Amino acid sequence: ASLPISPLGISGDVAKLIDEVLLGELQRAGFEALGSDDINAMLGLEQLKDAVACDAASCMTEIGGALGVEYLISGKVGTLDSAKILTLKLIDVRQAKVLARANGQSESEAGLPQLANRLVDDLVRQSGL
């Protein structure tokens, strides 16, 4: 499952687009991917809002358990000076631990989808999945 990307000083619409790109990339990598719309349907809006603010692996493990998934992806997108920064982490729900982290930067919002593609590849490679 992919939790909604948290926007930090960047448009929420950009974060939503990155969410969709990540889902596509996760499916391309061979995963059955659930997105925020799917999670909302399963957990409800209030629990989804709480999940977005949840950064601890143990908290995310509870969310993953409630969804019945093995892995969760969470991330943030924001700006640092003029660069657009995207960070992602892959969490093993059963072991309650972060398997992999990846981050990168783009000079523009238009470069974020390509960056997301690369970061998903990095997560899969690092985790050995």
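None of the figures in this text is laboratory data; all of them are computed from the coordinates on show. No experiment lies behind these values; they were computed from the predicted model shown.
Worth pointing out:
- Phi angles of region 25-34 translate, via the Karplus equation with coefficients 6.51, -1.76, 1.60 and θ = phi - 60°, into HN-Hα couplings of 5, 5, 5, 4, 7, x, 9, 8, 9, 9 Hz per residue; Gly and Pro are given as x.
- Computed over the alpha-carbon atoms, region 70-115 gives an Rg to Rh ratio of 1.10, Rh here being the Kirkwood radius from the mean inverse distance.
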